[in-house]
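Engineer: Please see the structure below; I have some questions.
Nothing in this text is a laboratory measurement; each read-out follows from the coordinates by a stated rule. Quantities reported herein were computed from a predicted structural model and do not represent experimental measurements. Glycine gets a Cβ as well: all are built from the backbone with ideal geometry, and neighbour counts include every protein chain shown.
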Amino acid sequence: MERSREIIVIGGGHAGCEAALAAATLGVNTLLITTDITKLGVMSCNPSIGGIGKGQIVREIDALGGFTGQCTDQTTLQFRMLNRSKGAAMHSPRAQCDRDLFSLHWRAKLEATPNLSIIQDTIEELLLETHQGKVQCVGVRSKLRGELPAQRVILTAGTFLNGLIHVGMYHTLGGRIDESAVPRLTEQLVAHGIRAARFKTGTSPRIDLRTINLDVCRIQAGDEEGGCFSYSTTSPSPLLQRPCYITETNPRTHEILRNNLDRSPLFQHIIQGRGPRYCPSVEDKIHIFADKPSHPIFLEPENSEGNTIYINGFSTSLPYDVQEAGLHSIHGLEEAHIIRPGYAIEYDYFDPLQLEHTLASKVIPQLYIAGQLNGTTGYEEAAAQGLLAGINAAHALMGKAPIILRRAEAYIGVMIDDLVTKGVDEPYRMFTSRAEHRLSLRQDNADERLYSLAQAIGLRSATALENTREKYEKVTLFSTHLSQSSLTPESINAYLTAQNSTPLPQAIKAHKLLLRPEVKLDALLSHLPTLIPNDFTLSSEIIHSTETRIKYASYIEKEEQESEQTLKIDTIHIPDTLDYSTIESISIEGRQKLRQHRPKTLGEAKHIPGIKPSDLKAILIAMRSFVPRGTKE
Ligand SMILES: Cc1cc2nc3c(=O)[nH]c(=O)nc-3n(C[C@H](O)[C@H](O)[C@H](O)COP(=O)(O)OP(=O)(O)OC[C@H]3O[C@@H](n4cnc5c(N)ncnc54)[C@H](O)[C@@H]3O)c2cc1C
């Protein structure tokens, strides 16, 4: 038997990489076991990181000392800040990355981490012992190395447990295409009381750039000024920046796909697992939105040098020939050469209701579970869980307090709380609407929100922490300065008139003027440089954070009051005649779930998976004007 490791991490995907890095960096002797060392941190689907809700998660991972943000910055091919035209709380960073380099950077990082060893092998069994009726995990049995003892095990097997891949009527066991599925592990855990079920997901075909007629596609360029995820990144991605392209499906495409639904494993109910609601396959889209004549197709580069293009919007499990015919009917893709077809995969996941907030199993306390295996979908969600599982497993061994993020503190806190208190009935992905405190949970301030926690955990470098402290000290000083600086009509009215903003009748403090949406701090400072205190150097980050803090202060206060009220609503009765279909502000998912579950109280509604705080607010408002059926004149 091998010498005992303190922690063994099973699986080197996004969850496993963050878990292993965190545990080892905290000084715990860690072993990462993964089926293929050349596939560490591989992006199984679209090589992009971030997006709405997900971008905020990556900023939080970075603020806590994880690596996903830095890895993204080093491999970015195109960066966009989504929702830039909306308020700061909606800004969400997204980057298209070089898939191969992303994985290589993860590998280099892990291989250079002290206290961490990696082996390429597969685990099909945990070493479980029963003492006084309680199951304990004391290690793993690897296919090639045999028994490997450990004090804690973190399981992050992604889509690999009993994975079943579908391309048309062809199906085969696999964790991803051409990678073996892992048998038996689910069955062993189920035999010990862990509940398992099946979900499915899918991916799009990849095509050769040289066979696309780009002249007829629209260009989708990245942000000119670029951008990054990590608070520590100082220089932009070294890679060649590449554009994406947009085309769309048309009635002919839909006809081809529709005519072949008898060969669709999804429509023939061969696929039983439920897929991610917000990422439907193209065959699902033409069925659900039957009246829509077209759907957008985004052509996204997979690497900086090569010619592989990911077709975002065309996830499918239809047969190869149908995928090809469908693609060839699309403007610009008439000659497209498929490098790899799209496919669907069904896989096992474990019920997250059986987890503690630390991600330790309630059934087998030495076992932590993270990532897709907990019913989530997405690299960012997986990486965040891996980070927290790694920290908490290490803390348990070090006798340190567990790290549990509150819902008001981080999207990661919202996600883990949703998972372990509501469970999942479909793959869970993050959205800003899942958070009660979304005005404070912004992508720009994750470093501020999580500063004390990051300090307590100790993964973030001392320099990064010191930079954060200095930055927000300056933000506070500058905000105070603006709240004390008077602006006279003579000094500012010419500027206001140019901005179509009402001129001032009398002097006001600068921070009051900033409450006007059309008044921007950087423009104000360009007009009135004397507003900058002497000996004060202002970076664009500090200007942005100061402005956001001032503009959002009153809204955040209101949001906090509202969420305090929401905590008190649990016992409020919902009339069983309330018609959810008439409450427009409830999300589609919320409406379906409420109709299905018919909760009796708002407290019951709150615990239904997929019901968001905004849905509860919508019900409350609707109930105020609700007239029970039969009482209307
Ligand atoms: C076909 C497909 C399409 C997808 N589409 C999307 C999408 O559109 N949008 C989206 O957000 N997400 C999508 N995903 C999901 C996304 O890939 C996952 O959410 C994310 O990769 C999960 O990270 P993870 O670390 O939990 O697992 P994974 O990234 O799956 O990594 C698991 C790792 O564990 C290893 N492993 C598994 N079992 C063992 C074992 N017993 N012993 C040793 N090693 C093991 C595997 O080799 C792998 O390296 C898709 C996934 C697939 C497969």
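Engineer: Can you give me the long-range amide H partners of residue 340? Hydrogens built in the peptide plane at 1.01 Å from N, cutoff under 5 Å, separation of 5 or more residues or another chain.
Structural biologist: Correct list: 206.
Engineer: Pairs of Cα atoms under 8 Å, at least six residues apart: use those to get the relative contact order of region 517-633, whole percent.
Structural biologist: The value is 22 percent.
Engineer: How high is the FRET efficiency from residue 537 to residue 620, r the C-beta distance, R0 30 Å, rounded to 0.05? Before the final figure, lay out the partial values.
Structural biologist: Working: r = 47 Å, r/R0 = 1.57.
The calculated FRET efficiency here is 0.05.
Engineer: Using 0.36 nm per residue, how much length does the chain from residue 582 to residue 169 gain when fully extended, once their Cα-Cα distance is taken away?
Structural biologist: Answer, rounded to one decimal: 144.6 nm.
Engineer: In region 540-569, whose amide N lies under 18 Å from the spot 7 Å out along Cα-to-Cβ of residue 406? List them in ranges.
Structural biologist: 556-569
Engineer: In terms of the Cα gyration tensor, with a ≥ b ≥ c the square roots of its eigenvalues, is region 358-459 rounded because a/c is under 1.5, prolate because a/b exceeds b/c, or oblate?
Structural biologist: oblate
Engineer: Pairing the Cα long axis of helix 489-498 with the longest principal axis of the chain, what angle in degrees results, from 0 to 90 and rounded to the nearest 10?
Structural biologist: Rounded to the nearest ten degrees, it is 50.
Engineer: Any idea what angle helix 54-64 forms with the longest principal axis of the chain, computed on alpha-carbon atoms, 0 to 90 degrees, nearest 10?
Structural biologist: Value to nearest ten degrees: 90.
Engineer: Taking R0 as 51 Å, what's the FRET efficiency between residue 527 and residue 569 from their Cβ-Cβ distance, rounded to 0.05?
Structural biologist: 0.65
Engineer: Say the dipole of region 43-136 comes from +1 at the beta carbon of Lys and Arg and -1 at that of Asp and Glu; which of 115, 71, 132 then lies farthest toward its positive end?
Structural biologist: 71
Engineer: If the reach is capped at under 23 angstrom between alpha carbons, list the lysines near residue 400, excluding any in the same chain fewer than eight residues apart.
Structural biologist: 362
Engineer: Evaluate the distance, in nm, between pseudo-label points positioned 7 Å from the Cα of residue 208 and of residue 592 along their respective Cα→Cβ axes.
Structural biologist: 3.9 nm
Engineer: Ok, one more. Magnitude of the Cβ-charge dipole of region 568-624, K/R +1 and D/E -1, about the Cα centre, nearest 20 debye?
Structural biologist: Values: 10 positive and 7 negative charges, 22 e Å.
It comes to approximately 100 debye.
Engineer: Using helices alone, I'd like the mean residue ellipticity at 222 nm for the chain: each DSSP H run of four-plus residues gives -39500 (n - 2.57), total over residue count, nearest 500. Before the final figure, lay out the partial values.
Structural biologist: Values: 20 runs with 216 residues, N = 633.
Only helices count here, giving -10500 deg cm²/dmol.
Engineer: Quick query: amide H of residue 135 versus all other amide H atoms, modeled in the peptide plane; which residues come in under 5 Å with a sequence gap of 5 or more or a different chain?
Structural biologist: Placed amide hydrogens put nothing under 5 Å from residue 135.
Engineer: Which order do peptides 81-92, 383-394 fall in by mean Cβ count within 10 Å, highest first?
Structural biologist: 383-394, 81-92
Engineer: Then there's this: In degrees between 0 and 90, to the nearest 10, how far off the longest principal axis of the chain does helix 462-484 point, with axes built from Cα atoms?
Structural biologist: Result, in degrees: 30.
Engineer: By the gyration tensor of its Cα atoms, with a ≥ b ≥ c the square roots of the eigenvalues, what is the shape of the chain: rounded for a/c under 1.5, prolate for a/b over b/c, or oblate?
Structural biologist: The shape class here is rounded.
Engineer: Can you pick out the pairs among 568/593; 593/617; 568/617; 86/285; 54/551; 86/520 whose Cα atoms lie more than 19 Å from each other?
Structural biologist: Distance filter (> 19 Å) returns 568/593; 86/285; 54/551.
Engineer: Here is a further query. Counting other Cβ atoms within 10 Å, which trypsin sites (Lys or Arg not before Pro) in region 553-625 have at most 14 and lie in a DSSP loop?
Structural biologist: The qualifying sites are 568, 600.
Engineer: Distance in nm between label sites at residue 195 and residue 331, each 7 Å beyond Cα in the beta-carbon direction?
Structural biologist: For residue 195 paired with residue 331, the spin-label model returns 4.9 nm.
Engineer: Would you calculate the separation in nanometres between label points at residue 184 and residue 294, each defined as 7 Å from the Cα along the Cα-to-beta-carbon direction?
Structural biologist: Taking the simple label geometry, residue 184 and residue 294 are separated by 5.3 nm.
Engineer: Leaving out same-chain residues fewer than 8 places away, which aspartates and glutamates sit with a Cα under 14 Å from that of residue 474?
Structural biologist: Leaving aside aspartates and glutamates fewer than 8 places away in the same chain, those within reach of residue 474 are 448, 466, 535, 541, 547.
Engineer: Restricting to Cα pairs below 8 Å that are 6+ residues apart, what does the relative contact order work out to for the chain? Please round to a whole percent.
Structural biologist: 16 percent
Engineer: Now a separate question. Using a cut-off of 14 Å between alpha-carbon atoms, which aspartates and glutamates can reach residue 558, once sequence neighbours fewer than 8 places away in the same chain are excluded?
Structural biologist: 436
Engineer: Sort region 462-564 into rounded, prolate or oblate with this rule: let a ≥ b ≥ c be the square roots of the eigenvalues of the Cα gyration tensor; rounded if a/c is under 1.5, and if a/c is not under 1.5, prolate when a/b is larger than b/c, oblate otherwise.
Structural biologist: Here region 462-564 falls in the oblate category.
Engineer: If we count every other residue with Cβ under 14 angstrom of residue 508's Cβ, Lys/Arg +1 and Asp/Glu -1, where does the sum land?
Structural biologist: +2
Engineer: Could I ask something else about it? Ordered by residue, what ³J(HN,Hα) values in Hz, to whole numbers, does region 532-537 give under the Karplus form 6.51 cos²θ - 1.76 cosθ + 1.60, where θ = phi - 60° and Gly and Pro are x?
Structural biologist: Each residue's phi maps through the Karplus curve to give 7, x, 4, 6, 10, 9 Hz.
Engineer: If we count chymotrypsin sites (Phe, Trp or Tyr not before Pro) as exposed when they sit in a DSSP loop and have at most 15 other beta carbons within 10 Å, what is the longest stretch of the chain that avoids them all? Can you show the working numbers first?
Structural biologist: Numbers: sites that count: 278, 289, 536.
The reported range is 1-277.
Engineer: Rounding to the nearest 20 debye, state how big the charge dipole of the chain is about its Cα centre with +1 on each Lys and Arg Cβ and -1 on each Asp and Glu Cβ.
Structural biologist: 1220 debye
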